[in-house]
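Down below is the structure, laid out as structure tokens.
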Amino acid sequence: MNILHGKVATVQSVDDFLSLSVLVGDKLFFVVALQSPALSYVAVGCKINLLFKETEVMLATTTSKVSTQNAFVSKIKEVEVGELFANVVFDFEAEEISAFITKTSFEELSCSVGATFLWFIKANEITIQNGN
């Protein structure tokens, strides 16, 4: 599980949804969540953790265009390649982000330690956790 520590920059309530922007280091993440009493603590300035599965992180070359706001360029810190899958670990804002992709995609993208790639996560794939 990827966990990033951030601070809520904006909160917007629309119908049954919360739309948040969260500052992680100097990067802005966007999160969409269903409103619930469990998220009543969420307010501008509060510390929260962003959690998302390795299988939800996608990779692309740095010149690719993607339709998500959560797209960041980072260097590959380490890789583990198995028979079917590869775990690609990025260095991001003094944290590690893991992406679990197929070995075929790993090879087609020519991933290697030190290479720079675009990684991204859809706003609705992020879970929010109280950061206090």
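Listed by first and then second residue, the pairs linking a residue in segment 34-50 that is over 10 Å from Leu20 (Cβ atoms) and without any contact (Cβ under 8 Å) to a residue 60 or more places away in the chain to a residue that is among the hydrophobic types (A, V, I, L, M, F, W, C) and assigned to a helix (DSSP H, G or I), with Cβ atoms under 9 Å apart and 6 or more places separating them unless they lie on different chains, form an empty list.
The sole residue among Leu51, Leu4 that is among the aliphatic types (A, V, I, L, M), in a strand (DSSP E or B), in contact with a strand residue (DSSP E or B) (Cβ under 9 Å, 6 or more places away or on another chain) and surrounded by fewer than 15 Cβ atoms within 10 Å (Cβ to Cβ) is Leu51.
Residues in segment 28-48: is at least one on the phi > 0 side of the Ramachandran plot, surrounded by fewer than 16 Cβ atoms within 10 Å (Cβ to Cβ), modelled with pLDDT of 90 or more and in a loop (DSSP other than H, G, I, E, B)? Checked against the condition, which is being on the phi > 0 side of the Ramachandran plot, surrounded by fewer than 16 Cβ atoms within 10 Å (Cβ to Cβ), modelled with pLDDT of 90 or more and in a loop (DSSP other than H, G, I, E, B), segment 28-48 yields at least one hit. Do we have any residue at all in segment 5-27 that's under 10 Å from the mean Cα position of the chain (by Cα) and within 28 Å of Phe85 (Cα to Cα)? Within segment 5-27, not a single residue is under 10 Å from the mean Cα position of the chain (by Cα) and within 28 Å of Phe85 (Cα to Cα).
Within segment 72-91, the set of residues being in contact with a Ser or Thr (Cβ under 9 Å, 6 or more places away or on another chain) and touching a residue at least 40 places away in the same chain (Cβ under 8 Å) comprises Val73, Ser74, Lys75, Ile76. Note on segment 102-132: residues that are among the hydrophobic types (A, V, I, L, M, F, W, C) and in contact with a helix residue (DSSP H, G or I) (Cβ under 8 Å, 6 or more places away or on another chain) amount to 3. Residues in segment 55-63: is at least one in contact with a strand residue (DSSP E or B) (Cβ under 8 Å, 6 or more places away or on another chain), at pLDDT 90 or above and acidic (Asp, Glu)? No, every residue in segment 55-63 fails to be in contact with a strand residue (DSSP E or B) (Cβ under 8 Å, 6 or more places away or on another chain), at pLDDT 90 or above and acidic (Asp, Glu).
Residues in segment 64-76 that are part of a strand (DSSP E or B), closer than 15 Å to Leu4 by Cβ and either modelled with pLDDT under 95 or not hydroxyl-bearing (Ser, Thr, Tyr) (or both): Ala71, Phe72. The residue list Ile97, Ile101 contains one member that is within 15 Å of the chain's Cα centre (by Cα), more than 18 Å from Gly6 (Cα to Cα) and not aromatic (Phe, Trp, Tyr), which is Ile101. For segment 74-92, check the following and say yes or no: at least one residue is touching a strand residue (DSSP E or B) at 6+ places or on another chain (Cβ under 8 Å) and within 17 Å of Val22 (Cα to Cα). Within segment 74-92, one or more residues are touching a strand residue (DSSP E or B) at 6+ places or on another chain (Cβ under 8 Å) and within 17 Å of Val22 (Cα to Cα).
The values are calculated or read from the model by the stated rules, or taken from the named source; none is laboratory data. Values in this document were obtained by computation on a predicted structure and should not be read as measured data. Every residue, glycine as well, gets a Cβ built from its backbone with ideal geometry; the counts of neighbours run over all protein chains shown.
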